[in-house]
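Structure first, then comments.
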Amino acid sequence: MHLGLSALLDFYRQHQADDALVLGTIIATEGSTYRKPGAMMLIAADNSYCGLISGGCLEADLAAQAKGVFKDGTTRQVCYDMSHGEDFAWGLGLGCDGVIHLMLQRLDRENRFGFLETLEQAWKAKSNGLLSLVTSSDDTHHQTGSFALHCGDELSTGDTLLINGLHSAERRRVSGGHDMSRRYWHDDIETADGKVQVLMIPIMPPPSVLVCGAGHDAVPVARLANEMGWNCLIADHRPGFARTDRFPANCDIRVLQPTELKDSITLEKLDAVVLMTHHLGHDRQYLSQVVEAGVPYIGLLGPRARRDRLLREIGAENVHVYGPAGLNIGAEMPESIALAIIAEIHAFLNRRDGSMLTSSGE
């Protein structure tokens, strides 16, 4: 589940000198809505904000709603019901025909902005985790807005009951690997003094994608991966191509020989590799190393016959490699080919088949 956490954490860093921020979280939806439970936005006292909980229609109103939360610190819940005609209640004309339930809570600097500090540490460590938000409670010891974030024994913060109780049983759902198809779920906790309803949100770092080959057609692949917020590495043996000025600033550029790949990059931590050197021998060397490492998604440019030949030559005929890489969208130019490849990786990580929504019934 992509929560846009990179942008939220950037916003958090920019406002660390503020006394408080307000976190808006979708806690439930009904019918058709732009975002689903777990989607978040951060709001500053100056009315600036980051994060989408709708198509851009509700955010300004939520920023206005946040003023009361800034003032008294009381966690509030807001409901936007777009299921009645032309959304007269809000005058927004959203036309989504759904209902969105949100929770607004104040995160104070004196309390390390709730779970944000720990979340940033987990993000830097590329650690998977589980965030729990109490959305309803009749237990005064665990009030609405309480939270727990568990990202390993050394990266935990929040409500002790949630960390030691619920998380110990549930965190195995989100441990290991990168699976963007993991979705939120709700749980009820019986405590000694009542009942607590909790929204469980898997937290995972952005996917890591390696592009082998830094030719002209690798540039739009890296650009789109960067736009998606993914970690993108570029490897090529040619210094004239593997240059930082040719790729987005966030990309990790490595000049190395194909045989040096596994010694220079921790391949086991990658989620996807795209081989696009346009050189049979180089692709063979790269392919043998990423297959051995068990990278989940391997994409290879070129026809099926080329793919099958390479797999035979490295003795990996039974390994599934996406070749030709990319969805069938009629791509010919580098930009459209890049779009097809990134879309296929996105579908793979979400465990989708990349079919058209109009025919998928969703």
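Values in this text are rule-based calculations from the coordinates and carry no lab data. Being a predicted model, the structure only gives us computed values, none of them experimental. Here Cβ is always computed from backbone atoms with ideal geometry, including for glycine, and neighbour counts include all displayed protein chains.
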For region 1-113, what's the relative contact order in percent, using C-alpha pairs closer than 8 Å and at least 6 residues apart? 33
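Please compute the contact order of region 209-286 in relative form: average sequence separation of alpha-carbon pairs under 8 Å and at least six residues apart, divided by the residue count, as a percent.
With pairs under 8 Å counted, the relative contact order is 38 percent.
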Rg/Rh of the chain (Cα atoms, Kirkwood Rh), to two decimals, equals 1.02
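Using only the C-alpha atoms of region 208-349, find the volume of their convex hull and express it per residue in Å³.
98
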Need one number: nm distance between label points at Cys79 and Ala192, each 7 Å from Cα along Cα→Cβ, rounded to one decimal. 3.4
Sequence ranges 30-40, 54-64, ranked by mean other-Cβ count within 10 angstrom, highest first: 30-40, 54-64
Residue order, fewest to most surrounding Cβ atoms within 10 angstrom, among Cys151, Cys79: Cys79, Cys151
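So what's the back-of-envelope 222 nm ellipticity for the chain, counting only DSSP H runs of four-plus at -39500 (n - 2.57) apiece and dividing by all residues, rounded to 500?
Numbers: 10 runs with 95 residues, N = 362.
Mean residue ellipticity at 222 nm (helix-derived): -7500 deg cm²/dmol.
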If each part is reduced to its alpha-carbon centroid, region 96-137 and region 21-47 end up apart, in Å, by 10
Taking a crude spin-label model, label points 7 Å out from Cα along the C-beta direction, the Asn111 to Lys269 distance in nm is 3.3
For region 111-157, one quarter of the surface area of the C-alpha convex hull, expressed in nm², comes to 3.5
Which of the pairs Lys36/Lys124; Lys67/Lys124; Lys126/Lys262; Lys36/Lys126 have their Cα atoms more than 29 Å apart in this structure? Lys67/Lys124
Per principal axis, descending, Cα span of region 1-113 in whole Å: 44, 30, 19
Proxy exposure order for Asp353, Asp97 (fewest C-beta within 10 Å first) is Asp353, Asp97
Considering only DSSP beta bridges whose two residues both sit in the chain, what percent are antiparallel, to the nearest 5? 70
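Note down the net charge around Ile189, summing +1 for each Lys or Arg and -1 for each Asp or Glu among other residues with Cβ under 9 Å from its Cβ.
Result for the neighbourhood of Ile189: -3.
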